[in-house]
Amino acid sequence: TKVHTRRYFLEKYGELIQKKQRHRLIMIDLDHFKSCNDDYGHDKGDEVLRTFGSLLNETLGSDSFAGRYGGEEFAVAVPESVTDPDERLATVRGKYQGYVSPLYTKSDSLFRGTMSAGIYDVDFSNPRESVETAVKKADTALNIAKGNIIIPDISGEGRNRIVLWDDKFLATNPTLLS
């Protein structure tokens, strides 16, 4: 897929954490990816994953690192020193849609080349912060973006969205991180 494995990502992420470096953790899911495999075949699905991995690496640059977290889910760590992480993520999103849209055009397919992302700004100067908590918050934000978790005032239809974790989410649903 042109990105590191989950194991490598977590090892490198552990090094980042040991340095107590502030960063942004982004969990990305390729929307309706199962439809890609079902409608176009696994070879095309593999091609989409490789292309998305390449887009991540090219767009994020060497100061960030990404890994395939599982299936069609990717994890990205962007150090605080990166000045334009939102713009880079928007570029990945646009390039991915631009790549998929003209190639995968079955009218009855749910697969449209969109992605959802959950973002958590990690500050390991907070003594309660941990790898597990950071991943859980980014993943929960991803599930809110996908519409799997409903949060008043920000939840919509789901998918093709980016949600930034906010601790206020716990006020509406205290068991979110359980």
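Using only side-chain charges placed at the Cβ, +1 for Lys and Arg and -1 for Asp and Glu, the dipole size of the stretch 1-156 relative to its Cα centre rounds to 240 debye. Rounded to the nearest 20 debye, the dipole size of the stretch 3-70 about its Cα centre is 560 debye, using +1 on the Cβ of Lys and Arg and -1 on the Cβ of Asp and Glu.
Ignoring ligands, DNA and RNA, what percent of the accessible area of the chain is carbon or sulfur (1.4 Å)? On the chain, the fraction of accessible area on carbon and sulfur atoms equals 47 percent. Summing Cβ point charges (Lys, Arg +1; Asp, Glu -1) relative to the Cα centre of the stretch 56-144 gives a dipole of roughly 380 debye. The 3J(HN,Hα) values that the Karplus relation (6.51, -1.76, 1.60; θ = phi - 60°) gives for the stretch 143-149 are, in residue order, 5, 5, 4, 6, x, 7, 10 Hz. Gly and Pro appear as x. For the chain, find the longest principal axis of its Cα atoms and tell me its angle to the long axis of helix 42-60, 0 to 90°, nearest 10. Rounded to the nearest ten degrees, it is 50.
Mean-square fluctuations from a GNM of the chain, with a 10 angstrom spring cutoff on Cα atoms, peak among V135, V92, V82 at V82.
For the chain, what does the helix formula give at 222 nm: sum of -39500 (n - 2.57) over DSSP H segments with n ≥ 4, over the residue count, nearest 500 deg cm²/dmol? Walk me through the numbers before you get to the answer.
Values: 6 runs with 78 residues, N = 178.
So the calculated ellipticity at 222 nm is -14000 deg cm²/dmol.
Structure note, pairs K12/K137; K20/K137; K20/K136; K19/K95; K19/K146: Cα-Cα distances above 21 angstrom occur for K19/K95; K19/K146.
Putting +1 on Lys and Arg Cβ atoms and -1 on Asp and Glu Cβ atoms, find which of T114, L16, F52 reaches farthest to the positive end of the dipole of the chain. Sorting the options by dipole projection puts first L16. In the stretch 55-178, taking the dipole from charged Cβ atoms about the Cα centre, the farthest positive-side position among T133, F65, S101 is held by S101. Solvent exposure of the chain amounts to 52 Å² per residue of accessible area, where only protein heavy atoms count and the probe is 1.4 Å. Using the alpha-carbon centroid of each, what span in Å lies between the stretch 101-178 and the stretch 82-97? Computed from Cα coordinates, the inter-centre distance equals 16 Å. Length gained on full extension, T133 to D39: 30.2 nm, using 0.36 nm per residue less the C-alpha separation.
When the chain is treated as a GNM with alpha-carbon contacts under 10 Å, the residue of D29, D38, D139 showing the greatest mean-square fluctuation is D38.
The values are calculated or read from the model by the stated rules, or taken from the named source; none is laboratory data. Bear in mind that the values here come from a model prediction, so they are computed numbers and not experimental data. Reconstructed Cβ throughout: ideal geometry from the backbone, glycine too, with neighbour counts over all protein chains shown. Quick note on the areas: whole protein, heavy atoms, side chains included, nothing else; ligands and nucleic acids left out. Shrake-Rupley method; radii C 1.70, N 1.55, O 1.52, S 1.80 Å.
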